[in-house]
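A.B. asks: Handing you a structure now.
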Amino acid sequence: MTRYLRYAYAVFAWLFVGTILLQVFFAGMFIFGQEDFRSTHIFFGYLIVGLAALLLLISAALARAGRRQVGMAALLFVLYIIQTSLPEAKASYPFVAALHPVNALLLFGLGVVVARQATGLARETPAATESAPTESS
């Protein structure tokens with residue numbers, strides 16, 4: 001069972017990276033004149049990226065990925081929460097709100113690191129204890 005959970009973890013990790021790439025595309029479409037993409041960027045960020053971040057964190061824990069990898073998945077989730085709150089600071093603290101694209105770079109970079117490690121974990125041979133038959137008395 002752990003093996004399948006580790007595959008799911010890797011899939012969710014790469015899915016998270018893909019959602020970040022789509023978010024950057026939506027932001028680019030808005031910046032270069034497609035006004036409709038502003039609402040797409042906001043909706044997609046709050047719903048889809050949020051779900052991907054949450055699924056990544058849950059799957060890391062269920063896959064028994066180890067303390068370091070679960071910690072990095074948790075850090076991604078925290079960075080996502082920060083990301084969604086940065087635009088709210090635009091009126092009062094524009095320099096803080098300007099960290100929105102910088103934090104997106106952090107989300108993408110750490111997301112790729114997590115996805116690569118999750119892929120490596122999924123490719124590992126299952127532990128001998130998982131595949132060994134149990135003794136019956």
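The values are calculated or read from the model by the stated rules, or taken from the named source; none is laboratory data. Note that the coordinates shown come from a computational prediction; the quantities given were computed from them, not determined experimentally. Glycine gets a Cβ as well: all are built from the backbone with ideal geometry, and neighbour counts include every protein chain shown. Accessible surface is based on the protein model in full, side chains and every heavy atom, while ligands, DNA and RNA are left aside. Shrake-Rupley method; radii C 1.70, N 1.55, O 1.52, S 1.80 Å.
A.B. asks: Please work out which residue is nearest to Ala118 (Cα to Cα), limiting yourself to the range 29-43 and to residues that are touching a helix residue (DSSP H, G or I) at 6+ places or on another chain (Cβ under 8 Å) and open to solvent by less than 70 Å² (accessible area, probe 1.4 Å).
C.D. replies: Filtering first and then ranking leaves His41.
A.B. asks: For the range 84-112, name all the residues that are under 12 Å from the mean Cα position of the chain (by Cα) and closer than 14 Å to Val49 by Cβ. Outline the logic, then answer.
C.D. replies: Restricting attention to the range 84-112, the residues satisfying the condition of being under 12 Å from the mean Cα position of the chain (by Cα) are 104, 106-112.
Ala104, Leu106, Leu107, Phe108, Leu110, Gly111, listed by residue number.
A.B. asks: When you scan the range 44-71, how many residues do you find that are in a helix (DSSP H, G or I), hydrophobic (A, V, I, L, M, F, W, C) and open to solvent by 10 Å² or more (accessible area, probe 1.4 Å)? First the steps, then the outcome.
C.D. replies: Taking the range 44-71 and keeping what is in a helix (DSSP H, G or I), we get 44-62, 67-71.
Filter again for hydrophobic (A, V, I, L, M, F, W, C), leaving 44, 47-49, 51-58, 60-62, 70.
Cutting the leftovers down to open to solvent by 10 Å² or more (accessible area, probe 1.4 Å) gives us 44, 47-48, 51, 54-55, 57-58, 61-62, 70.
Residues in the range 44-71 being in a helix (DSSP H, G or I), hydrophobic (A, V, I, L, M, F, W, C) and open to solvent by 10 Å² or more (accessible area, probe 1.4 Å): 11 in total.
A.B. asks: So which of Ala89, Ala65 ends up being touching a helix residue (DSSP H, G or I) at 6+ places or on another chain (Cβ under 8 Å), free of Cβ contacts under 8 Å to residues at least 12 places away in the same chain, at negative phi and of a type in the set (Gly, Ala, Ser)?
C.D. replies: On the way: Ala65 fails: free of Cβ contacts under 8 Å to residues at least 12 places away in the same chain.
One residue alone meets the criteria, Ala89.
A.B. asks: Let me ask something else about it. For the range 120-136, give me each residue that is at pLDDT 60 or above, part of a helix (DSSP H, G or I) and open to solvent by 30 Å² or more (accessible area, probe 1.4 Å). Walk me through how you get there before you give the answer.
C.D. replies: Our first condition is that a residue be at pLDDT 60 or above; within the range 120-136, this holds for 120-126.
Remaining after also requiring part of a helix (DSSP H, G or I): 120-123.
Listed by number, the residues that qualify are Gly120, Arg123.
A.B. asks: Looking at (1) within 27 Å of Ala122 (Cα to Cα); (2) surrounded by fewer than 17 Cβ atoms within 10 Å (Cβ to Cβ), which is the one condition that is false for Ala10?
C.D. replies: It is condition (2) that Ala10 fails.
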